Amino acid sequence: MDDNVKVQDREATLEELREADDNLRLPAVPEHVSYPIETATPEARTQTPAVGQRAARPDGRLHGLGQTKYIDDLSFPGMLHAKIKRAGISKARIKSIDLSEAEKMPGVMATLVGGEIPVNSFGPSFQDQPLICEDMVYHAGDAVAAVAATTEQLALDALEKIKVEYEPLEPVYDPIEAMKEDAPQVHEGSSNIYSSKVIKKGDVDEAFKTAYRIYENTFSTQMVEHVPMEPHASIAEWDGNGRITLHSSLGRITLGRADIARVLELPINRIRIIATVVGGNFGGKNEITTEPILALLSKKTGRPVKGVYTREDEFMSSTTRHPFIMDYKTGVDKDGKIVARKVRLVCDGGAYCSWTETTLGKASILSAGPYNIDNLEVEAYAVYTNKTMTGAMRGFGAPQVCFAYESHMDDIAHDLGIDPLEIRRRNAFHEGSSSPTGQMLHSVVVQDSLDMAAERFGWEDRKYEA
Amino acid sequence: MDVTVTVNGETKTASVPPETTLLKMLREELNLTGAKLGCDVGDCGACTVIVDGIAINACLMLAGQAEGKTIQTIEGMASLDSYHPLQRNFEELGALQCGFCGPGMILSAKQLLDDNPDPSKEEIQDALSGNLCRCTGYTKIVEAVADAAREMRGDKQAA
Amino acid sequence: MKPFDFVKPDNTEAAVAALAAHSPNVRILAGGTDYVVELKHVSQSPGTIVDVSSLAEMKGIEETDDGLRIGAGVTHTEIMNDPLIAKHVPAMIHAAHTIGAVQTRNLGTLGGNLITCVPSMDSGPTLVALEAEVTILGAKGTRRIPLTELFVGPRKTSLEADELLLEVIIPKKNLGKPTDFLKFGLRKGQALALVNAASSLWIDGGKFKDVRISLGAVAPVVIRCPEAEAMLEGQAVSEELINQAAAKAVTECKPIDDFRASKEYRNDLIEVLTRRTLQACVTQASQA
């Protein structure tokens, strides 16, 4: 070291060194961005109050740019694709499942059957739904086996090679038929009527005796599928600490974690669910579908596994809206005031309970309609049938009964020659009214709403043919 | 087989088996996940892209049929300086909710406005009849397209 | 989809040669709006797909000595926008508009619609009512047959394994003939026809002349109603007679019961659509 070298010289040399260094260093290649990046944060102190402000959806910009990532848009290194084999038969005993041909196919990395699932049942109320059927099939959309392969097409091809032998059993499709004593049992060892609710208020039998007229009718609604634009999708991946991460279109994460913990016999803190933007839920993505299956396939293969429902799966194997068969008997006085109402609801509960219990409860309470009825009896039944399971869908039992009690009201008005709006004014809830279950209602604005709506719609000016 | 296309102004080549749809090629080979898989049979329109100026269902076109063609996807609508008026009006009006139908809707609307700068409400509805939406009921989408059309004709101040 | 080989010939001769070379495991692909959907659901590979979607020879709409020539590869959108179609056979514009939605009309071809040969095909009735002919190219050369001879049954045509539909020709005598098409589906867009109907006729000296009535979705193939036609032929134009002919047409059809509609409802539609298309032709003829 030469102590006599001037610092000046050293600094210059350092500059040159830095320049040389920079020249040698390759510039970082920025990621290509094809859209302007702006942050849309409002100015400070203008963020509240919210009432009266124009609210822009925070995801609107990303949607328009096509930048929103749904589950199927995500991809991980080494990711496999899983597909599920569907039963295609409504009620059968599974005699045998032969996976040997499928497992031999190049690109097929793992298969799964029901017996490999630690606890093969789940459900929000009753845990009556298997992830993959083991010995019995309860509806045509049931899963009987699953496959993970390197491409989607290979997984589908493998499904074709899986041989399942069925012993067909007698299915029942009609809920009224299923209620009968001698109907085939959907789930062995339990009545097809798996839930019932009763609401009693006053004394309907006595009250009917005092009625001016009694009207009876039966209303029924159909099964409806949510058809979210985005099919159900999930990706499962494990880390070295035995923790499973699931990217999922699932709507209820905590419930999902609890269900998966139970099914896989894992502590709940080992389960991480990342629910990204969902492409439409409407109630259909409120419970787990294939997440535990993908988790087990991922565990077997040591690779991330993605499973996406086909549109056929969406119709056959995802929950639907309950068809209802509703018997209404209503007694009225000569002014059209309801003196008694008796309702029987039969809810087509599909192959599994899912959210039926909750739906049935809600439907029962709402089946009387928003009307003052002192004497009310509601009997509601949820019945198993060998069809796609019925679960949560926007309204949760309310739309079905609304169709029934409002059509019924129109029929009564028509027969009595009373204006349909007027008959509702005479019966509708007001402040302090008692609900079907005895709750005293406050902040009741039914009458005001009817009046306002009538004015805005021009009810008085309409052409009405009696 | 090798398929070469011009996507959003850039030439790209992908090596795909013949049984690959254009949709799959865009999403999996070219990482353009804006076009969505909703039904895979050409009914829902979530996979709509513009090929040689014409809106089509990418799930119905084989990759080989797209050879040499010019494709525009949702990712090519905005420029570095600004959003396309359709994207801006969709955002301002809150025309999309879950957003899944969005890319397809916007591209169908784009083809409409490119061919017909002053469409009536019925013409907008007809142009979007191949794009299904389960969230919104379509009202705001149609309004947003009409607003965008006005803006593009210069009848409205850009936001 | 199952794996297949993909061939893109440069011209129609090469396409036919490819068909012959790879027969019988070979299929033509144009727009794919029906066939690609089928490919996604079959469990056997088709073998070789011959793509004709870019062939210029199958495109184009022009007037020839024979009449109006429409290439089999012309899309429904192209038909809707063509000035010659608007001038000579405007009923085809409405018919094309009822097919699917914008995206499917942009891809789907006239030839594809005819070859797929479903009973409810929307391009069929108008062309049958106009006595259209088709040119077919095969290994042995071209042949020309009436369109009706192409249809054998649902999804079954009279094409040989190595034959390609080249073009549709509307005879010169029928250009400008009053024609009307109506379709009834459960939706305004993306709906299959429950029944579709087309009528064409001239009025000569106050009398019906060359009446042609064609109906789809009421039999295994698109049909004519010769008895209803005969009822009108040469007779004085009257609403009463049109009503009778419409009722007659119902007896010549064999619609089925299915989940979309009952037989009875279809019969009702046959009567209504036949009557309305005939009336529309009369109105067109009087305005000519």
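Build a GNM of chain C with springs between Cα atoms under 10 Å apart, and of C:Val272, C:Val42, C:Val89 the one that fluctuates most is C:Val42.
With the simple spin-label model, which puts each label point 7 Å out from Cα in the Cβ direction, the C:Ile145 to A:Leu421 separation comes to 6.5 nm.
If you plug the beta carbon distance of A:Arg272 and A:Glu116 into 1/(1 + (r/R0)^6) with R0 = 22 Å, you get a FRET efficiency near 0.50. Between C:Lys207 and A:Asp333, the modelled labels are 7.7 nm apart [label points 7 Å from Cα along Cα→Cβ]. Result for chain C in a Gaussian network model with C-alpha springs under 10 Å: among C:His94, C:His76, C:His41, the largest mean-square fluctuation is at C:His41. A simple count of charges around A:Ile423, restricted to other residues whose Cβ falls under 10 Å of its Cβ and scoring Lys, Arg +1 and Asp, Glu -1, yields 0. Full-extension gain between A:Leu441 and A:Met179, please, as 0.36 nm times their residue separation minus the C-alpha to C-alpha distance. In short, 90.8 nm is gained. Who wins for biggest fluctuation among C:Met121, C:Met231, C:Met80 in a Gaussian network model of chain C, springs between alpha carbons below 10 Å? In the Gaussian network model the winner is C:Met231. When a/c reaches 1.5 or more, the comparison of a/b and b/c decides; with that in mind, is the range A:45-126 rounded, prolate or oblate per its Cα gyration tensor? Here the range A:45-126 falls in the prolate category.
Computed as a quarter of the hull surface, the mean projected area of the alpha carbon convex hull for the protein assembly as shown stands at 53.8 nm².
Need one word for the range C:1-63: rounded, prolate or oblate. Basis is the Cα gyration tensor (sqrt eigenvalues a ≥ b ≥ c); a/c below 1.5 gives rounded, then a/b vs b/c decides. Oblate is the answer for the range C:1-63, as a/c is 1.5 or above yet b/c matches or exceeds a/b. Just to confirm a number: summing +1 for Lys and Arg and -1 for Asp and Glu over residues other than C:His88 whose beta-carbon lies under 12 angstrom from that of C:His88, what do you get? Computed value for this residue: +2.
Quick check on the protein assembly as shown: of the DSSP beta bridges with both residues there, what percent are antiparallel, nearest 5%? Within the protein assembly as shown, antiparallel bridges account for around 80 percent of the total.
Using a 7 Å offset from Cα along Cα-Cβ at C:Tyr265, what residues in the range C:174-193 end up with backbone N under 13 Å from the label point? Under cut-off, by backbone N: C:184-187, C:192-193. Please say if chain C is rounded, prolate or oblate, where rounded means a/c under 1.5 for a ≥ b ≥ c the square roots of the C-alpha gyration tensor eigenvalues, and otherwise the choice is prolate for a/b larger than b/c and oblate otherwise? In terms of gyration-tensor shape, prolate. Figure legend: label point modelled 7 angstrom from the Cα of C:Lys156 along Cα→Cβ; residues of the range C:95-132 with amide N under 14 Å from it are C:117-119. Modelled spin-label separation between B:Thr70 and B:Glu122, with each label point placed 7 Å from Cα along the Cα-to-Cβ direction: 3.3 nm. Helix B:102-115 axis versus longest C-alpha principal axis of chain B: approximately 70°, rounded to the nearest ten.
Summing charges over all other residues whose Cβ lies under 10 Å from the Cβ of B:Glu19, with Lys and Arg as +1 and Asp and Glu as -1, gives +2. Restricting attention to the range A:233-317, close to 65% of DSSP beta bridges with both partner residues there are antiparallel.
All of the numbers you see were taken from the coordinates with simple rules; none came from a lab. Here the structure is a predicted model, which means the values were calculated and not measured. Note that we place each Cβ from the backbone using ideal geometry, even for glycine, and neighbour counts take in every protein chain shown.
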